[in-house]
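Rule-based calculations on the coordinates, nothing more; no lab input. Please read these numbers as outputs of a predicted model, since none were measured by experiment. Glycine also receives a Cβ, built like all others from the backbone with ideal geometry; neighbour counts cover every protein chain displayed.
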Amino acid sequence: MTHDLHTPVMLQEVVEYLAPAKNKKYLDATLGAGGHTLALLKKGASVVGVDQDKSVIEVASKRITDAGYANNFSYLHDSFAHALTDSTLPTDFDGALFDLGVSSLQLDTPERGFSFRFDAPLDMRMNPSTQQVTAKDLINGLGRKELYELFHELGEERSARRLADAICGARRLSPIQTTRELAEIIEGVVPRAGHIHPATRVFQALRMAVNSEREELKAALPSALSHLKLGGNLAVISFHSGEDKLVKSQYVAWEKSGQAHQLTSKPLTPSSRELADNPRARSAKLRLTRRVK
Ligand SMILES: C[S@@+](CC[C@H](N)C(=O)[O-])C[C@H]1O[C@@H](n2cnc3c(N)ncnc32)[C@H](O)[C@@H]1O
């Protein structure tokens, strides 16, 4: 694969709050291209990285080995919710990071079907070896009401109903096979306005459904806290308001039960400088909490 590597989002803030140092160890639940992990390794810490996408693990492992940090790094090729049930995983991490969603490595690989910028089969599975259901299956198999709910809830798409109608109309003629076909149907319903492509929200909703992203996050947060030592920090970067709400309500519940204490009263967001350099950071929210019980 040849790509520009993924630019790690809110890297400075993550490093500041996770405070990596020699003899500290971290869980990077969403290894991706390894940008955050490398920054932790460079401070002398060790890292266990998790990713359900084998191809991004290969890229990250090579980067880490080439940079000379292989001895302090290990990885699990697994979904983070499942990896956190692994009894061999340490339960005294100094910190854990979730940088949710998709990596540029995935978005920029046309044949993975994550992006409307290329024409490819509608796939979007992060782990094709264990996941059966593709975006094509959902687009052609869900009923009109289910499509509406998907676009409305996960896509936060205002034209959800009209989009569901248009998709049901188009697939009656022949199944929708590719990213381009789907993007064209969407462009016929939602006019282009501003610099965000009209297909962005539908593609996000499909990706989240194909990879059960909300369910994964909900299951993983409590396990992540239980894998931290007392005083260990948990950092979650989300890019979707529904996910941010989920993180917020979990943090508030831990605050009430005295299990964890939030480190900032509001989520942190990228600086204007970061946004100028990396527009993909635009909807990022970083929430931090510390295990205290
Ligand atoms: C935004 S990227 C992480 C980028 C990384 N922090 C970096 O600096 O390169 C998110 C990564 O999480 C992975 N991922 C998403 N959901 C996952 C899950 N439930 N379990 C494991 N990995 C997941 C994706 O495959 C993707 O590589």
* For residues that are more than 10 Å from the ligand (Cβ to nearest atom) and either among the charged types (D, E, K, R) or free of Cβ contacts under 8 Å to residues at least 12 places away in the same chain (or both), scanning just the range 88-100, find the one that is farthest from Glu243 (Cα to Cα). => Thr88
* Structure fact -> Taking the range 166-180 and the residues there that are in contact (Cβ under 8 Å) with a residue 24 or more places away in the chain and in a helix (DSSP H, G or I), the one that is farthest from Gly141 (Cα to Cα) would be Arg180
* To do: For residues that are surrounded by fewer than 18 Cβ atoms within 10 Å (Cβ to Cβ) and more than 13 Å from the ligand (Cβ to nearest atom), scanning just the range 73-87, find the one that is farthest from Glu16 (Cα to Cα).
  => Ser87
* Structure fact -> Checked pairs for the range 101-114, first in contact (Cβ under 8 Å) with a residue 24 or more places away in the chain and within 17 Å of Phe80 (Cα to Cα), second near the ligand (Cβ under 7 Å from one of its atoms) and part of a loop (DSSP other than H, G, I, E, B), C-beta under 7 Å and 6 or more apart or across chains, list as Ser103/His6; Ser103/Gly32; Ser103/Ala33
* **Residues of the range 4-28 that turn out to be without any contact (Cβ under 8 Å) to a residue 60 or more places away in the chain and either assigned to a loop (DSSP other than H, G, I, E, B) or surrounded by 23 or more Cβ atoms within 10 Å (Cβ to Cβ) (or both), as a count** => 3
* Options Glu157, Glu216, Glu149: the member that is away from the ligand (no atom under 16 Å from the Cβ), part of a helix (DSSP H, G or I), under 23 Å from the mean Cα position of the chain (by Cα) and not aliphatic (A, V, I, L, M) -> Glu149
